[in-house]
Amino acid sequence: MEENTGVWMSILEYASFKSISISTIRRYIKAGRVKTKKDDGKFYIYVSPEKIKDKNSKDEAHLRVQLENERLKMKIKSLEEELNDMKMLVQIYEQNQHLQRQEPPEIPTM
């Protein structure tokens, strides 16, 4: 039976798993939107293995996106530093060109 392969979670665990509030979970229970069982006065919500795998896949995808984002931020920082170095070199080059183009001062004649 499917129930043997899934997981029964407390309301708090399920809220954390789904990243939604406990009051929302209680509304789900009241509306019959989730499969529940009651044990010693506590509600437990059934989560199928497919939903757990899907959640884990989304978490892994989110982690990959975060890592790629951090890698790109580091690359941007590196490129900005390289650009600043290039700007400085161009400025130095232009100053040297300007100095070389100046006419030497005239020698006074007697």
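The values are calculated or read from the model by the stated rules, or taken from the named source; none is laboratory data. Only a predicted model underlies this, so the values are computations on that prediction, with no experimental measurement involved. Every residue, glycine among them, receives a Cβ derived from its backbone with ideal geometry; neighbour counts consider all protein chains shown.
Being assigned to a loop (DSSP other than H, G, I, E, B) and either among the acidic types (Asp, Glu) or over 20 Å from the mean Cα position of the chain (by Cα) (or both) is the filter here; which residues of segment 16-26 pass it?
Once the filter is applied, which keeps residues that are assigned to a loop (DSSP other than H, G, I, E, B) and either among the acidic types (Asp, Glu) or over 20 Å from the mean Cα position of the chain (by Cα) (or both), segment 16-26 yields only Ser21.
Regarding segment 32-41, can at least one residue be identified that is in the same structural domain as Phe17 (by TED's automatic domain parsing), small (Gly, Ala, Ser) and closer than 20 Å to Lys18 by Cα?
yes
Quick check on my filter: what residues within segment 44-58 are within 19 Å of the chain's Cα centre (by Cα) and exposed (fewer than 11 other Cβ atoms within 10 Å of the Cβ)?
Scanning segment 44-58 gives Asn56, Ser57, Lys58.
Taking into account only those residues within segment 27-58 that are assigned to a helix (DSSP H, G or I) and under 16 Å from Ala15 (Cβ atoms), which is modelled with the lowest pLDDT?
Within segment 27-58, the match that is modelled with the lowest pLDDT is Lys55.
Would you please list the contacts, defined by Cβ atoms under 9 Å and residues six or more apart or on different chains, that run from a residue in segment 54-80 that is of a type in the set (Lys, Arg) to a residue that is part of a helix (DSSP H, G or I)?
Lys55/Phe17; Lys55/Lys18
I'm checking my understanding of the structure. Among residues of segment 2-21 that are at negative phi and loosely packed, with under 12 Cβ neighbours inside 10 Å, which one is modelled with the highest pLDDT?
Ser21
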